[in-house]
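Engineer: Could you have a look at this structure, given as structure tokens, before my questions?
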Amino acid sequence: SVLDIQTNANICSVEYNPRLSHELAVGSADHAVRVFDLRQPSRPLHHFRGHRKAVSYVRYLNGQELSSASIDGTLRLWRTQESGSASVRCFQGHANEKNFVGLAASDEFVACGSETDEVYVYFKALSAPIAKAAFGSSGAEEPSPHFISAVRWQPGTRMLVAANSQGLVKLMKLTSQ
């Protein structure tokens, strides 16, 4: 190890800032997101609070905006250039109470999994989802026991790959209607 950062919290996710190689975001079980400058890691640059449960994932949209997912059923958008710890936006609509359902971010969009075996896509300026896609059979009377466990945008495109807890992988494209 060349550097240790002590947070006194269980860490669930880490992510480098794609534009600032010395900046690291950390999501933790104590409901917080911390951003560290690796050149001076003794205390976080930012300590974002707002989630009510563990932060399962953190992902940068760009060099100044960061998204976080929590098992409180929300996603949050944070701006690292602003002072304070209030989130810019709270995204709701997907179901997430116990599993790590996956989170992906691009410049304009945030995608996440759901415990309903669906993928949700949010536009960063809106709190409600703009699209969702079901993995399970449509019209099923019973809710699916599966959840979306992983999502990832293909860089520079509107292509999204997602996988569920049953082992099914789907490639999707976000299109305008």
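Engineer: Quick one: in segment 60-90, of everything that is over 21 Å from Ala163 (Cα atoms) and outside any loop (DSSP other than H, G, I, E, B), which residue is most open to solvent (accessible area, probe 1.4 Å)?
Structural biologist: Arg79
Engineer: Give me the pairs, please: first residue somewhere in segment 95-106 and at negative phi and assigned to a loop (DSSP other than H, G, I, E, B), second residue anywhere and aromatic (Phe, Trp, Tyr) and open to solvent by 30 Å² or more (accessible area, probe 1.4 Å), beta-carbon distance under 6 Å, and either six or more positions apart or on two chains.
Structural biologist: Going by the 6 Å Cβ cut-off, the qualifying pairs are Asn99/Phe147; Val101/Phe147.
Engineer: Filter segment 122-136 down to the residues that are modelled with pLDDT of 95 or more and either buried (at least 21 other Cβ atoms within 10 Å of the Cβ) or not in a strand (DSSP E or B) (or both) and list them by number.
Structural biologist: Tyr122, Lys124, Ala125, Leu126, Ser127, Ala128, Pro129, Ile130, listed by residue number.
Engineer: Kindly check whether there is at least one residue in segment 140-158 that is touching a Lys or Arg at 6+ places or on another chain (Cβ under 7 Å), open to solvent by less than 50 Å² (accessible area, probe 1.4 Å) and at pLDDT below 95.
Structural biologist: At the first step, the residues of segment 140-158 found to be touching a Lys or Arg at 6+ places or on another chain (Cβ under 7 Å) are 158.
Pick out the ones that are also open to solvent by less than 50 Å² (accessible area, probe 1.4 Å) and you get none.
No: zero hits.
Engineer: Still on this structure, I have one more. How many of the residues in segment 24-45 are part of a strand (DSSP E or B) and either surrounded by fewer than 16 Cβ atoms within 10 Å (Cβ to Cβ) or acidic (Asp, Glu) (or both)? First the steps, then the outcome.
Structural biologist: Initial filter on segment 24-45 (part of a strand (DSSP E or B)): 24-28, 32-37.
This time we only want the ones that are either surrounded by fewer than 16 Cβ atoms within 10 Å (Cβ to Cβ) or acidic (Asp, Glu) (or both), so: 37.
So the answer is 1.
Engineer: His51 passes all but one of (1) in a loop (DSSP other than H, G, I, E, B); (2) over 18 Å from Ser87 (Cβ atoms); (3) at pLDDT 95 or above; which number fails?
Structural biologist: (2)
Engineer: While we're looking at this one, here's another question. Somewhere in segment 107-123, is a residue over 18 Å from Ser56 (Cα atoms), hydrophobic (A, V, I, L, M, F, W, C) and over 15 Å from the mean Cα position of the chain (by Cα)?
Structural biologist: No; the residues of segment 107-123 include none that is over 18 Å from Ser56 (Cα atoms), hydrophobic (A, V, I, L, M, F, W, C) and over 15 Å from the mean Cα position of the chain (by Cα).
Engineer: Do you know which residues across segment 46-59 are surrounded by 15 or more Cβ atoms within 10 Å (Cβ to Cβ) and touching a Lys or Arg at 6+ places or on another chain (Cβ under 8 Å)?
Structural biologist: His46, Phe48, Gly50, His51
The values are calculated or read from the model by the stated rules, or taken from the named source; none is laboratory data. Predicted model, so just to flag it, every value in this text is computed and none were measured. So basically every Cβ, Gly included, is an ideal-geometry build from the backbone, and we count neighbours across all protein chains shown. Side chains included, ligands, DNA and RNA excluded: accessible areas come from the protein's heavy atoms. Shrake-Rupley method; radii C 1.70, N 1.55, O 1.52, S 1.80 Å.
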